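> Below are the structure tokens for one structure; questions will follow.
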Amino acid sequence: MERAEKETLVAELKERMERAPALYLTDFHGLNVQAMTKLRRSLRASGAEYVVVKNRLAQKAFESLPGMPDVSGKLEGPTGVVFGYEDVVATAKALSDFAKEHEQRPAVKVGVMDRKIIDATQVARLASLPPREQLLAELAGAMQAPIAQLAWALEAKVQEMAGLLEALKNEREQAG
């Protein structure tokens, strides 16, 4: 590979890293072409991209971005990078689900989210989160609950007042 090609690849990796709020470095050793194609499809469906990289070029791309953590210790052996462009949880879930079906391959080496390193355990916890829609629904329910309780309490007071007025009316009718 010529120097110009390497520089182009590093620039492309750098551009992808800048666009992706999360990336996961994986060891894809043991996956055949058919499995890799299936993995790429499942990741694409979750708004992500899987790219096999040369470790040295990936290291140069990481080093060229300010604020990127040092992952040089994880850039050993066959390395694939998952660029999560849309939903970081859906990407982690797609990667985790695929690994469960394929004897824990690809194995997550490390993740980088918002320019901070997350280990494989944290990636697994991220993958176990409910889908974004469910989290938003739970948040909306949690925000709505106090308002609903207030409305219920006010309604109860109105009912209580109506009962008291009715009792007062009945008392005055009987007295007079």
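> Can you say whether residue 96 is exposed (fewer than 12 other Cβ atoms within 10 Å of the Cβ), among the hydroxyl-bearing types (Ser, Thr, Tyr) and under 30 Å from residue 72 (Cα atoms), as far as the supplied structure shows?
Judged against the criteria, residue 96 is not a match.
> Still on this structure, please answer the following. Scan the range 136-143 and tell me whether some residue there is without any contact (Cβ under 8 Å) to a residue 12 or more places away in the chain, under 30 Å from residue 58 (Cα atoms), under 36 Å from the mean Cα position of the chain (by Cα) and surrounded by 11 or more Cβ atoms within 10 Å (Cβ to Cβ). Step through it out loud before you land on a result.
Residues of the range 136-143 without any contact (Cβ under 8 Å) to a residue 12 or more places away in the chain: 136-143.
If we keep only those that are under 30 Å from residue 58 (Cα atoms) as well, we get none.
The answer is no, given that none of the residues of the range 136-143 is without any contact (Cβ under 8 Å) to a residue 12 or more places away in the chain, under 30 Å from residue 58 (Cα atoms), under 36 Å from the mean Cα position of the chain (by Cα) and surrounded by 11 or more Cβ atoms within 10 Å (Cβ to Cβ).
> Looking at 61, 92 in this structure, which one is among the aliphatic types (A, V, I, L, M) and more than 19 Å from residue 12 (Cβ to Cβ)?
Matching residue, one of 61, 92: 92.
> On to the next question. Within the range 144-176, track down each residue that is surrounded by 10 or more Cβ atoms within 10 Å (Cβ to Cβ) and within 30 Å of residue 129 (Cβ to Cβ).
144, 145, 148, 149
> Residues that are touching a strand residue (DSSP E or B) at 6+ places or on another chain (Cβ under 8 Å) and not β-branched (Val, Ile, Thr), at least 3 per element: which helices (runs of 4 or more DSSP H) completely within the range 63-176 meet that?
88-101, 120-127
> Shifting gears a bit: Could you list, in sequence order, the residues of the range 25-40 that are without any contact (Cβ under 8 Å) to a residue 40 or more places away in the chain and over 18 Å from the mean Cα position of the chain (by Cα)?
32, 33, 34, 36, 37
Computed from the coordinates by the stated procedures, all read-outs in this text should not be read as laboratory data. All figures in this text were calculated on a predicted structure; none of them were measured in a lab. Neighbour counts are summed over all protein chains in view; Cβ atoms, including those assigned to glycine, are modelled from backbone coordinates with ideal geometry.
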